[in-house]
1. Only one of (1) surrounded by fewer than 16 Cβ atoms within 10 Å (Cβ to Cβ); (2) under 23 Å from CYS472 (Cβ atoms); (3) at pLDDT 80 or above is not met by VAL559, so which one is it?
2. What are the residues in the stretch 499-509 that are at pLDDT 90 or above and of a type outside the set (A, V, I, L, M), if any?
3. Looking at the stretch 337-352, which of its residues are in contact (Cβ under 8 Å) with a residue 60 or more places away in the chain and loosely packed, with under 14 Cβ neighbours inside 10 Å?
4. Given the conditions (1) within 16 Å of ASP137 (Cα to Cα); (2) aliphatic (A, V, I, L, M); (3) surrounded by fewer than 17 Cβ atoms within 10 Å (Cβ to Cβ), which single one is not true for VAL195?
5. Look at the stretch 337-373 and say how many of its residues are in a helix (DSSP H, G or I) and among the hydrophobic types (A, V, I, L, M, F, W, C).
6. Among residues belonging to the stretch 6-40 that are among the charged types (D, E, K, R) and surrounded by fewer than 16 Cβ atoms within 10 Å (Cβ to Cβ), point out the one that is modelled with the lowest pLDDT.
7. Taking only the stretch 58-79 into account, find how many residues are exposed (fewer than 15 other Cβ atoms within 10 Å of the Cβ) and in a helix (DSSP H, G or I).
8. Return the pairs, sorted by first residue and then second, in which the second residue is at pLDDT 95 or above and not β-branched (Val, Ile, Thr), the first residue lies in the stretch 501-517 and is in the same structural domain as GLY568 (by TED's automatic domain parsing) and on the phi > 0 side of the Ramachandran plot, the beta carbons are less than 6 Å apart, and the residues are 6+ apart or on different chains.
Amino acid sequence: MHAPIGIAWSDSNKFFLSANASFCRILGYSEHELQKLTFKDITHPEDINDSISKMEELVSGHIPFFSQEKRYIRKDGTIIDGKVTVSAICNKDEPTVFIAELENITQSKKAEKALVESEANYRSLINGMGESAWVIDFDGNFVDVNDAAVEMLGYCRGELLSLGIKGIDKYLSSEQVKNLISGLPAVGTQVFETVHTTKDGQEIPIEISSTLTTYNGKRVVVNIARNITEHKKAEETLRKSEERYRDLANFLPVIVFETDLAGKITFFSRRAFELTGVTPEDVEKGLNIISFVLPQEREKAIENMKKSIAGENLSANEYTLVRKDGTAYPALVRTTPIISENRVIGVRGLVIDITERKKTEMDLKESRDKLELMNEKLRVVGSLSRHDVRNKLSAVNGYTYLLKKKHRDQADIVEGLGKIEQSVAEAVKIFDFAKMYEQLGVEELTFVDLGMAVDEAVALFSCLTIKVVNDCYGSSVLADSFLRQMFYNFIDNTRKHGLKATAVKVYCEKEESGDLRLIYEDDGVGISAENKSKLFNEGFSTGGSTGFGLFFIRKMMGVYGWVITEEGEPGKGAKFVITVPNRSS
């Protein structure tokens, strides 16, 4: 299992900007305390100059990153050994940001020291290892092997000791063996992969860690071999998966990219080259993904990249990106960390060009603004027209009253004047409907208690002889003040057209889906079969009214997102059923 990797960011003056929990834990500081320190403050004085020199090489572009094993000073003053990998985000006209990955290797360094300095410790270690281990001299001959090596390769100890490294590894020449041994570091471990052959001819992929030590007074090489057959299978599976991913990424009509921790592009999809105008050569030169972001938005992009590396789940962010030819375009960018062997090694992202969407949004806004202006004009014109015509109709009513009074002894004239008054009354109702219809959908929807809305509708009638049973208290729906008008229209229709109607019942039923059924029924003559299909049509009436009441209710249902049907039996009363979706209840 790998030790937790600490990740920290610092500015061009080496001051810490932020750090993850593992970095803080390794050094014993809180993130707030670290932000008052520089890399120099936590690095052993004897090691600092080399680190500073390497960081200057990063800024100059001479190296893409560097890895070192150095000593570091914890908050409590103890010295630890650490392996640090440092990269940098360097953009023109932007401050340099350093990214450091730190691993605490104190224990492994102690083990190395014990292995190098103590033959007794060496003997204890090699015999207690679960993995294969052997000792070879500088000519590649076996000096010693442990039990795990004997078991893995299938030879007895004597056979194995007589074979030498060339006897189990046909892929390494004598020259290569000598080069590997001569290239070993004086302190530390060298790791490489090869293939070993067992006694029965089976080939096993192996990872070897080689270390120089002293055995019986002679300088020898201790090799620890790990069978990586499963690892290789996993690598092959990953390689095939990676190929499929690359094929899919190149097929998508959007930009797909990958970067290292410093933002350097490590993969660009085919569409990415087409949309940005850059070439594979540009990417190979070390192109940074941040360079595509408009300068004034780069700070935000770098901050979001840090969050992504730290494992924070980010939603898509909108940026203005710039192509190689300098043209800008709006885009949505979504990034996630790339994780390998339990550590973040970079960032993967998806970029969607939203130029057309932005254009559509602007066109839609213009259309909406024009529509609102037109509606406002219509409301003003409608309001003024209704006001003026109402004044004229009031004058008509006044003259009609005077004429009826003057000619009260002439029945035919009085009857004609009565019809004029009736027509004026109908016109006023049409104006009232027009005003209500104009306001439909303007009022903001809120949760309304159905029982209270029914009571308010009943209260609008000065002398109602029909009994109203209200069983809707406690049920709330998303509606507006027109809900009261709906119940008023229902009751008014029952009063006018129900003929024998004596009672009305309004109640609710909850369905399994969560929808609410709101039911209004009366005991009148009901709706004939031939009229059911025309019931909600504009202007339809069976009693000489304007025919706008039920038409208005259906339009109101559309605003609410409800559905209304009439399910009563002719001759047995009207029954209106309104289905209120769960989202509105």
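1. Single failed check for VAL559: (3).
2. Scanning the stretch 499-509 gives THR502, LYS505, TYR507, CYS508, GLU509.
3. GLU341, ASN342
4. All conditions pass for VAL195, except number (1).
5. Within the stretch 337-373, the first condition is being in a helix (DSSP H, G or I), and the residues that meet it are 355-373.
Checking which are among the hydrophobic types (A, V, I, L, M, F, W, C) leaves us with 362, 364, 371, 373.
So the count comes out to 4.
6. Result: ASP11.
7. Here the count works out to 2.
8. If the second residue must be at pLDDT 95 or above and not β-branched (Val, Ile, Thr), no pairs are left.
The values are calculated or read from the model by the stated rules, or taken from the named source; none is laboratory data. Computed from a prediction, not measured in an experiment: that's the story for all the values here. Positions of Cβ are generated from backbone atoms using ideal geometry, with glycine treated the same way; all protein chains shown enter the neighbour counts.
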